[in-house]
Amino acid sequence: MIFDIFKRKGKELIEGSKAILSELIPGQKAFIKSISEDCQGIERQRLMDLGFVPGSLVEVEMRSPFRDPTAYRIKGGLIALRKIQASKIYISPAVA
């Protein structure tokens, strides 16, 4: 399966690749695969408390005019993350 963002950049999302949440565009959905090992302590716990846990379905709802932050719909809530935070969350494609 290929995300639109990967089509534009010429990259195909394949099993085992390191696709990150910050690369998705509004309207796209994905499953949370994992959180980077670089993300530890309070920051990791906060992301998990907000619902960014493996297996959760996340959708890009909207972006601010300057592309940072981005609002994500997850577990019925709308959560805004900065690009630096979203880049620490690995994803896999959501089957339509």
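The values are calculated or read from the model by the stated rules, or taken from the named source; none is laboratory data. Being a predicted model, the structure only gives us computed values, none of them experimental. Positions of Cβ are backbone-derived with ideal geometry, glycine not excepted, and every protein chain shown enters the neighbour counts.
Lys29 is checked against (1) modelled with pLDDT under 50; (2) within 21 Å of Arg67 (Cα to Cα); (3) crowded, with 16+ Cβ neighbours inside 10 Å and fails just one. What number does that condition carry?
Result: Lys29 passes all but (1).
Are there strands (runs of 3 or more DSSP E) fully within region 29-96 with at least 1 residues that are within 14 Å of Ala19 (Cα to Cα) and without any contact (Cβ under 8 Å) to a residue 40 or more places away in the chain? List them.
It comes to 57-63.
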